[in-house]
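The values are calculated or read from the model by the stated rules, or taken from the named source; none is laboratory data. What you see is a predicted model; the values in this text were computed from it and never measured. As a convention, Cβ positions derive from the backbone with ideal geometry for all residues, glycine included, and neighbour counts pool all protein chains shown.
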């Protein structure tokens, strides 16, 4: 009995152990199943997200293809080939590193806008020329009609004379001698009338031809600007004090004169100041009246001093008006191959002028118009200068010649306005000249006087005074 109970206990123990082992294995298998299920669901979810992302990318890719004019079925190689063709066709002048459809469209839009602006300007110019031509046509037609009427009248006169001749011939048939005389007289009169008519017709033809030639010449000159052929003096020296280096001129407040305006001084015997060299230069220091100002002598010659009656001139200023200028090339006034553009611009403005446009290297500021009188030309860019600098220089030269602006060298401008560099520096080397080392008379020195008797012509004189209502 005890042996049977012991067997049952062993069997029970084994059963319990097997049950526990089975439960543990079942739990482990269930746990692995749950983990596998979780991983599967996560992988499935990720696959769905990637599929959705791929679908969106494909949709966006197709939309982009349609936006640039390709079919949705076109491959990337086709899209790349078409893109390169478009860039070479429409963006050849654009920076290759920044080429894309958005920037190329903006670039082309900007180019179109500039072209439209230029086209509008040209159309306006064409309209003005067309209006001028129409006005000339309208004035020409009455003259042509007048000459045609004269030719018609001459033909009518010839016809009338022929009719009169026939009438006289019929009336004179009764008498032979009278008939012959009348015939001779009529033939002579007819010949004279025909000659007059032919002369009238020839004259009318010549006048018509002249009118047509004048019309053609006028039409060809519509685009040319009219420039002055000579320069006249702006004012006159009224009084000179050589000891103090001072002069008085007949220009003042009513003429719009300003302090620091410089003038070249010329002999009173000339009518065109460009035909002779200047004899001195002065700078206005005080405005004394409506037509009177004091100026200091900046530069003169002991052998040819300034005298009352000498005339003064500057191309920058004129009484009652402001001259307009443009500057091109390297504006170098002291020969150091460095730009003195600000200095020259200030000189022009200080003397009452206006700078419409100026070249500063590659940049052109402002714009020339038909009101611009002079193009001041500095040094031409060297052959090894950047292309943009040479293009800017040539552009200003071409535009000035197109609208008829008169060209003047920088040195000619400075000479004619009487400007003198009072702070000159002598350069050594091959650029130096013999004149740089010659002795010069000090500017503040007293001129030499004769030790003998002094003529009454040189008795002390007083400078003119500005009085109310006086012309000086």
Looking only at the range 311-341, which residues are within 19 Å of the chain's Cα centre (by Cα) and within 24 Å of residue 386 (Cα to Cα)? 326, 327, 328, 329, 330, 331, 341
Evaluate the following for residue 326: is it more than 30 Å from residue 370 (Cβ to Cβ) and modelled with pLDDT of 90 or more? no
Subset of the range 190-232, residues modelled with pLDDT of 80 or more and either under 23 Å from residue 311 (Cα atoms) or exposed (fewer than 13 other Cβ atoms within 10 Å of the Cβ) (or both), comes to 191, 192, 195, 198, 199, 202
From the list 93, 98, pick out the single residue that is surrounded by 10 or more Cβ atoms within 10 Å (Cβ to Cβ), in the same structural domain as residue 112 (by TED's automatic domain parsing), at pLDDT below 80 and under 30 Å from residue 112 (Cα atoms). 98
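This table checks each residue for (1) surrounded by fewer than 21 Cβ atoms within 10 Å (Cβ to Cβ); (2) over 14 Å from residue 463 (Cβ atoms).
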site: 290; (1), (2): yes, yes
site: 293; (1), (2): no, no
site: 296; (1), (2): yes, no
site: 301; (1), (2): yes, yes
site: 304; (1), (2): yes, yes
site: 308; (1), (2): yes, no
site: 311; (1), (2): no, yes
site: 323; (1), (2): yes, yes
site: 329; (1), (2): no, yes
Consider residue 115 carefully, then state whether it is exposed (fewer than 10 other Cβ atoms within 10 Å of the Cβ) and either in a helix (DSSP H, G or I) or in contact with a helix residue (DSSP H, G or I) (Cβ under 8 Å, 6 or more places away or on another chain) (or both). no
Enumeration of residues in the range 172-189 that are in a helix (DSSP H, G or I) and surrounded by 12 or more Cβ atoms within 10 Å (Cβ to Cβ): 178, 179, 181, 182, 183, 185, 186, 189
Given (1) part of a loop (DSSP other than H, G, I, E, B); (2) buried (at least 18 other Cβ atoms within 10 Å of the Cβ), residue 385 misses just (2)
Counting only residues that are surrounded by fewer than 18 Cβ atoms within 10 Å (Cβ to Cβ) and either in the same structural domain as residue 252 (by TED's automatic domain parsing) or farther than 13 Å from residue 257 by Cα (or both), which one in the range 346-355 is farthest from the chain's Cα centre (by Cα)? 346
Among the residues of the range 60-67, is there at least one that is surrounded by fewer than 10 Cβ atoms within 10 Å (Cβ to Cβ) and at negative phi? yes
Would you check which residues across the range 356-382 are in contact (Cβ under 8 Å) with a residue 24 or more places away in the chain, in a strand (DSSP E or B) and within 22 Å of residue 337 (Cα to Cα) and list them? 357, 358, 359, 363, 364, 375, 376, 377, 379
